[in-house]
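Data block below; observations after.
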Amino acid sequence: MKSILFKILMVVLAVFIVLQFFGVDKTVPETEPSADFLNIHQPPENVESIFRSACYDCHSYETTYPWYSNIQPVAWWLQDHIDEGREEMNLSTWQNYTAEDADHYLEEMIEVVDEEEMPLPSYTWTHSEARLTDQQRDALTDWASELRTSKQ
Ligand code: HEC
């Protein structure tokens, strides 16, 4: 019995070690700072820091990877969220969106922050600075609403 458990453990360990050779691709394309959402719209500092600490890791090319992003299969799961987040809305290439799309994204940002859908709960477990207070959510959504009105 003991030796079977030992063998199973060895197999699991071997698989884990092999997985470590399949890291994720963290390279990002070069982008113009002038295409970046925050550079274009220049929100007040408190709002800018909310975007940076709660959204930019997944919705821009400016991702700060945690140490455990070097461990598979955790890294695959993280990178999946990042890829999906960027695909959904990329703040680093904001300039490429049409005025209509940009307005639609602002509307969605307000909605998902209001409803506490974003940042993703799995992200705030490990990023305490991204756990938004009611005031922070209001600051972000008020600013985004004003921006929408000023564009019309
Ligand atoms: C951990 C990564 C992560 C973080 C952090 C994050 N997002 Fe997301 N976001 C995603 C993913 C993945 C999706 C697509 C899947 C989904 O809608 O759940 C998404 C979708 C969205 C969408 C589209 C929603 C829709 O209904 O189509 C908006 C808008 C959005 N996020 C805004 C934000 C804002 C604003 C922040 C910061 C307050 C933020 N996100 C933080 C990963 C993230």
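Numbers below:
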item	result
Search result, residues across the stretch 25-69 that are part of a loop (DSSP other than H, G, I, E, B), in contact with an Asp or Glu (Cβ under 9 Å, 6 or more places away or on another chain) and hydrophobic (A, V, I, L, M, F, W, C)	Val28
Residues located in the stretch 52-67, provided they are surrounded by 17 or more Cβ atoms within 10 Å (Cβ to Cβ) and more than 11 Å from the ligand (Cβ to nearest atom)	Tyr61
The stretch 82-102, residues that are more than 10 Å from the ligand (Cβ to nearest atom), within 25 Å of Ala139 (Cβ to Cβ) and not in a helix (DSSP H, G or I)	Asn90, Tyr97
Leading residue by the ranking (farthest from Ala75 (Cα to Cα)) among those in the stretch 1-40 that are open to solvent by 90 Å² or more (accessible area, probe 1.4 Å) and charged (D, E, K, R)	Lys2
Criterion (within 21 Å of Arg148 (Cα to Cα), within 13 Å of the ligand (Cβ to nearest atom) and open to solvent by less than 60 Å² (accessible area, probe 1.4 Å)) met by exactly one of Tyr105, Tyr123	Tyr105
Criterion (part of a helix (DSSP H, G or I) and more than 7 Å from the ligand (Cβ to nearest atom)) met by exactly one of Gln72, Gln79	Gln79
Boolean, Leu78 is under 15 Å from Pro29 (Cα atoms) and of a type in the set (A, V, I, L, M)	no
Pair list, Cβ < 9 Å and 6+ apart or interchain, from the stretch 59-72 residues that are under 18 Å from Ile17 (Cβ atoms) to residues that are of a type in the set (Phe, Trp, Tyr) and surrounded by fewer than 17 Cβ atoms within 10 Å (Cβ to Cβ)	Gln72/Phe16; Gln72/Phe21; Gln72/Phe22
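Residue by residue, here is whether (1) open to solvent by 70 Å² or more (accessible area, probe 1.4 Å); (2) of a type in the set (A, V, I, L, M, F, W, C) holds:
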residue	(1), (2)
Pro43	no, no
Ile50	no, yes
Ser69	no, no
Asn90	no, no
Tyr97	no, no
Val113	no, yes
Ala130	no, yes
Gln135	yes, no
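The values are calculated or read from the model by the stated rules, or taken from the named source; none is laboratory data. Note that the structure is a prediction, hence the values are computed from the model and not measured. Positions of Cβ are backbone-derived with ideal geometry, glycine not excepted, and every protein chain shown enters the neighbour counts. The accessibility values were calculated without ligands, DNA or RNA, using every heavy atom of the protein model including side chains. Shrake-Rupley method; radii C 1.70, N 1.55, O 1.52, S 1.80 Å.
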